[in-house]
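The values are calculated or read from the model by the stated rules, or taken from the named source; none is laboratory data. Bear in mind that the values here come from a model prediction, so they are computed numbers and not experimental data. Here the Cβ positions follow ideal geometry from the backbone for every residue, glycine too, while neighbour counts run over all protein chains shown. We work out accessible area using only protein heavy atoms, side chains counted, and drop any ligands, DNA or RNA first. Shrake-Rupley method; radii C 1.70, N 1.55, O 1.52, S 1.80 Å.
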Amino acid sequence: MSAAANEPSPSDGERLLSGWGRAPVSRARVVKAHDGLEATAALAAASATGERLIGRGLGRSYGDAAQVSGGVVVDLSGATRLLCFDGASGVVTAEAGLSIDTLLRTSVPEGWFVPVTPGTRQVTLAGALAADVHGKNHHVDGSFAAWVERFKLATAAGTLEVSKERESDVFWATAGGMGLTGLVLDLTLQLIPIESSAMVVDTERAADLDDCMARMEERDAEYRYSVAWIDCLARGRHVGRSVLTRGEHATSARLEGAGRAAARFGPGLRAYDPRELASVPLTPPVRLLSRKAVAAFNEAWFRKAPKERRGEIQSIQAFFHPLDGVREWNRLYGPRGFTQYQFVVPSGAEETLRSIVGSLSSNQVPSFLTVLKRFGAADPGHLSFPAKGWTLAVDIPLGLPGLSELLDGFDEEVAAAGGRIYLAKDGRLRPELLGTMYPRLDEWREVCDRLDPARTFSSDLDRRLSLRRPLRRPLRRPRTSPGSRRTPLGRSPGEVAP
Amino acid sequence: MIDATGMPQSGVLLGGTSEIGLAIIRRLATRRLGRVVLAGRDPAALEQRANELRSSGIDQVSTFVADVRDAGALDGLVSEAWARLDGVDLLLVATGDLGTAELSELSAGRVASIFEVNAGGPAAALLAFAEAMAAQGSGRLVVLSSVAGVRVRRANFVYGAAKAGLDAFAVGLSEALEGSGVGVTIVRPGYVRTRMTAGRSQAPFAVDPGDVANAVVRALETGEKIVWVPAILRLVFAGLRVLPRPVFRRLPG
Ligand SMILES: Cc1cc2nc3c(=O)[nH]c(=O)nc-3n(C[C@H](O)[C@H](O)[C@H](O)COP(=O)(O)OP(=O)(O)OC[C@H]3O[C@@H](n4cnc5c(N)ncnc54)[C@H](O)[C@@H]3O)c2cc1C
Ligand SMILES: NC(=O)c1ccc[n+]([C@@H]2O[C@H](COP(=O)([O-])OP(=O)(O)OC[C@H]3O[C@@H](n4cnc5c(N)ncnc54)[C@H](OP(=O)(O)O)[C@@H]3O)[C@@H](O)[C@H]2O)c1
């Protein structure tokens, strides 16, 4: 709807906001907080006026988790100080808004890697905690919260020091709680040791979905990182054909034996300097990723992948964050934006997975990013997404007629199988199914209500899904703030030739 | 909240007894719509429609009495709707009155009244809701225009002229709202079988209220700004628009 809604805000003020998918859009007052004091002050002010408030990081959640229409959005992406980094133990304490990108630039040359990274490194540590993000290593290492030792949380009831021992229910309500328990101000994270900044990667093709699942079940345990890319436009007996990539951090011994391939990792073997290779400078007026283009891309991607290749040396950025090479690639989806449908179903519910992949194929939903992986055991986060089983993530352009109904049908199947969809990616879940998908919702609500009985913390996601339950507080008719009457109505008459 | 696929959760139907309007509400209720205000001038008829919607499973339905010609009442509607619905995602403007095109029946007052119901009142409502929606940075305004305003005919020229005015107003408003998070959808149906057309001879390409509802849901999903129902009328009127007057005059229907 708006071209600018997902760009970082340069300063305080009212503006349109959206997530990475560029829809839904809403308007809020953004307060840039550069440290905990500024964030706490914004919270105190909103509590006093009765405004709704939510924290925001780098806006990489796809939907409406980090925005609140008519309320206050505390943007902590400017609170980026690295407070303490212990090179011996790999324990790091940093402000909420430090990005994984910045952290890695410091830690990788010192021999430490983040224990969990999403498919983009442009997320804040607090955002990673609020969504309890997972990486390609969930089956081995669990999700982000497992590695968080403590954090400081500014709640409506005051600032708390939170760990798994102290205020443990607040800890687990915050991990995956989508920012609704409070503002995370800083946190302490255990990193994992690496000997080099290189990855050793095995790639193989799978002929169809069942082949892919079988290969994953058989040999995932041998790899720390594992993921499959699926061509969801392939039809007939090719439905679910895929490319599996699995890998490990390269040991220095492995890299020293790699000859020329190792040179780019420098004398210390831990050089790390990822760059953006390109950017999408503006939003084209139409979607460039047409069904034909996506089908052609998928075909080429599948064919380009080796049938089987073992022991390839890759960089961290190529293995973990290939999309970060193109800045603002989300603009390619055009003004209507896109969504990601990500669900998990328990092991044993493979039939549901087959059915949904089959339906994506028969409906020819044009997605060039469809990713399958296996999750290990769930952590105790009340609303944490990962649970033992299969997770599928599908990028889908918005604006396809019938999409709402199609995805509602998937929701039913996922819920019936005992699965759930990922709130950090959501912009459209059927609200009635929330409780089925997240059976511990009431427990989580109790913690939120205890910390914030007045319900200052709220987001568009919260309101859309009644996460914290509908609040019957009469809302005043929104009026444009005095002096800015022209701004919300976009283009003013003076700007067009009569 | 409007979700990523464009489906609203709360809405106001202005012309709360309109058959087309209610068909759209029912169709949207199968997706996300659960909180509705029916606004109109006849309290008993509104209440009856509200009961029907409630028994069809829509959570929260209430009524609001307002004549679309009364600017004060429209302003009251905006405040009331925001309070009752906890934010308004959708305004559906479905008021309309064919009036008359008989010169002997027309007077300055009668013309002004037809213009008020079909254009002036709806435009005022659109404006008031647009301002409040722009402040929340999201919202959808759906306007029932008509092909009658695309090429005005002798048989209903006062109505047609008013619809032409409303349609043009809505196009301009849509431009003015560009970049505000608020969108305008203009619906141009041909002949729809409702009480409004009952007793009139059926024109070619006639549709039912449900067809209009399907087209509107589709447009909310795709972001289409102008919706012809049925879609073929877009082509038909591309032709009719440029037809010489003596030929146009002789067309049936
Ligand atoms: C290309 C791409 C790939 C991705 N891959 C993965 C993946 O593999 N695995 C995965 O799990 N996720 C993935 N994600 C999703 C992403 O990791 C999460 O949405 C993450 O939360 C984004 O962090 P952010 O800093 O951008 O937070 P935002 O999107 O700004 O906010 C996300 C949530 O965190 C809350 N929040 C932010 N800052 C604070 C704070 N200081 N205090 C309290 N709450 C706060 C917000 O209220 C909101 O609820 C991917 C996203 C993209 C764009
Ligand atoms: N039917 C068609 O063929 C057709 C074709 C193209 C466009 N349209 C348009 O579609 C819309 C809905 O029409 P419909 O077919 O559903 O007809 P309808 O059922 O007669 O609806 C018209 C609505 O307008 C209301 N209305 C009239 N005067 C009003 C006033 N002064 N104040 C408040 N409300 C007033 C009516 O309320 P009451 O019940 O109180 O009278 C009724 O709710 C109209 O805008 C119409 O012009 C219809």
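Could you tell me whether the range A:189-203 includes any residue that is within 16 Å of ligand 1 (Cβ to nearest atom), away from every other protein chain (no Cβ under 14 Å) and over 22 Å from A:ARG374 (Cα atoms)? Yes, the conditions are met somewhere in the range A:189-203.
Candidates A:SER355, A:SER361: the one that is part of a helix (DSSP H, G or I), open to solvent by less than 10 Å² (accessible area, probe 1.4 Å) and away from chain B (no Cβ under 14 Å) is A:SER361. In the condition set (1) in a helix (DSSP H, G or I); (2) open to solvent by 10 Å² or more (accessible area, probe 1.4 Å); (3) more than 16 Å from ligand 1 (Cβ to nearest atom), A:CYS212 is compliant with all but (2). Checked against (1) touching a His at 6+ places or on another chain (Cβ under 6 Å); (2) open to solvent by less than 30 Å² (accessible area, probe 1.4 Å), A:PRO274 passes all but condition (1). Residues in the range A:33-64 that are open to solvent by less than 10 Å² (accessible area, probe 1.4 Å) and within 14 Å of chain B (Cβ to nearest Cβ) were compared, and the one that is nearest to the chain's Cα centre (by Cα) is A:GLY63.
When the range B:23-42 is limited to residues that are away from chain A (no Cβ under 14 Å), surrounded by fewer than 22 Cβ atoms within 10 Å (Cβ to Cβ) and of a type outside the set (A, V, I, L, M, F, W, C), the one that is farthest from ligand 2 (Cβ to nearest atom) turns out to be B:ARG26. Of the residues in the range B:135-150, not one is of a type outside the set (S, T, N, Q), open to solvent by 30 Å² or more (accessible area, probe 1.4 Å) and touching a residue at least 24 places away in the same chain (Cβ under 8 Å).
Selection within the range A:395-442: residues that are within 14 Å of chain B (Cβ to nearest Cβ) and touching a Gly at 6+ places or on another chain (Cβ under 7 Å). The member of this set that is nearest to A:VAL133 (Cα to Cα) is A:LYS425. From the list B:GLY96, B:GLY109, the one residue that fits, being away from ligand 1 (no atom under 16 Å from the Cβ) and buried (at least 18 other Cβ atoms within 10 Å of the Cβ), is B:GLY96. Among the helices (runs of 4 or more DSSP H) confined to the range A:72-169, the ones with at least 2 residues that are open to solvent by less than 10 Å² (accessible area, probe 1.4 Å) are located at A:100-107, A:125-130.
Okay, residues lined up against (1) open to solvent by 40 Å² or more (accessible area, probe 1.4 Å); (2) in a strand (DSSP E or B):
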| site | (1), (2) |
| --- | --- |
| B:PHE129 | no, no |
| B:VAL158 | no, no |
| B:LEU166 | no, no |
| B:SER180 | no, no |
| B:ARG188 | no, yes |
| B:GLN202 | yes, no |
| B:PHE205 | yes, no |
| B:ASN214 | yes, no |
| B:VAL217 | no, no |
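Pairing residues of the range A:236-249 that are open to solvent by less than 10 Å² (accessible area, probe 1.4 Å) with residues that are of a type in the set (Asp, Glu), at Cβ distances under 7 Å and at least 6 apart in sequence or on separate chains, gives A:GLY240/A:ASP208; A:SER242/A:ASP231; A:LEU244/A:GLU204; A:ARG246/A:ASP202; A:GLY247/A:ASP202. Checking each residue in the range A:364-383 for being open to solvent by 10 Å² or more (accessible area, probe 1.4 Å) and at pLDDT below 95 picks out A:GLN364, A:PHE368, A:LEU369. When B:ILE58 is tested against the conditions (1) touching a Gly at 6+ places or on another chain (Cβ under 7 Å); (2) open to solvent by 30 Å² or more (accessible area, probe 1.4 Å), the lone failure is (2). Checked against the criterion of being among the β-branched types (Val, Ile, Thr) and within 14 Å of chain A (Cβ to nearest Cβ), the candidates B:VAL152, B:VAL111, B:VAL184 yield just one match: B:VAL184. Please go through the range B:69-106 and pick out each residue that is within 14 Å of another protein chain (Cβ to nearest Cβ) and of a type in the set (D, E, K, R). Scanning the range B:69-106 gives B:ASP75, B:GLU80, B:ARG84, B:ASP86, B:ASP89.
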